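Reviewing the structure listed below.
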Amino acid sequence: MQFLAIGESPVGVIAIGQVPTGIIAIGQAATGVIAIGQLSRGVIAIGQLALGVFALGQLGIGVAWAGGMLAVGGVRGPAMLGYGAFGRMPLRALLHGRWQFFERRPFEGRRVVLAAACAVMVLIAALAWWAAFAPLIHELTRHEPQQPRELR
């Protein structure tokens, strides 16, 4: 794996291109631990369509936290229209680790709502694994066979 990869579909620690994959990926369809792009997927995803553990975008789908115009996740951040299965946490409080600002969703006496929230989280986690984490792990751990050396 290259340290800095630039191109159409680069794979590297820092990947910049159209379909980049890497630890830090910047491009249109970025897949990485930190992914920034129009369609970004990874652990921390920032873009128009963001899918990951922490997602921030116009459509943010996050397993732990999601923010954006339309946000769906375990915990909702700033959103025009959003659903946090277990509550709400502002972005500034998340960045500074101020957990006292977490607004928990009450489930007392509403087992159906709790079951629906858990089902939504299972679906988001399965989608994140299938669309983001499995391809990322595959690309980052892929072993490319070395070309045989030409003898002189």
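The values are calculated or read from the model by the stated rules, or taken from the named source; none is laboratory data. Remember, it's a predicted structure, so these values are computed and weren't measured experimentally. Cβ placement follows ideal geometry from the backbone for every residue including glycine, while neighbour counts extend to all protein chains displayed.
Being modelled with pLDDT of 80 or more and either surrounded by 15 or more Cβ atoms within 10 Å (Cβ to Cβ) or touching a strand residue (DSSP E or B) at 6+ places or on another chain (Cβ under 6 Å) (or both) is the filter; apply it to region 105-126 and report the residue that is farthest from residue 63 (Cα to Cα).
Within region 105-126, the match that is farthest from residue 63 (Cα to Cα) is 114.
Taking the criterion of being touching a residue at least 24 places away in the same chain (Cβ under 8 Å) and part of a helix (DSSP H, G or I), would at least one residue in region 84-97 satisfy it?
yes
Looking only at region 73-104, which residues are touching a strand residue (DSSP E or B) at 6+ places or on another chain (Cβ under 7 Å), closer than 25 Å to residue 30 by Cα and either among the hydroxyl-bearing types (Ser, Thr, Tyr) or surrounded by fewer than 23 Cβ atoms within 10 Å (Cβ to Cβ) (or both)?
Once the filter is applied, which keeps residues that are touching a strand residue (DSSP E or B) at 6+ places or on another chain (Cβ under 7 Å), closer than 25 Å to residue 30 by Cα and either among the hydroxyl-bearing types (Ser, Thr, Tyr) or surrounded by fewer than 23 Cβ atoms within 10 Å (Cβ to Cβ) (or both), region 73-104 yields 74, 78, 79, 80, 81, 82, 83, 91, 94.
Give me the strands (runs of 3 or more DSSP E) completely within region 1-75, filtered to those with at least 1 residues that are hydroxyl-bearing (Ser, Thr, Tyr), ordered by residue number.
It comes to 21-27, 31-36.
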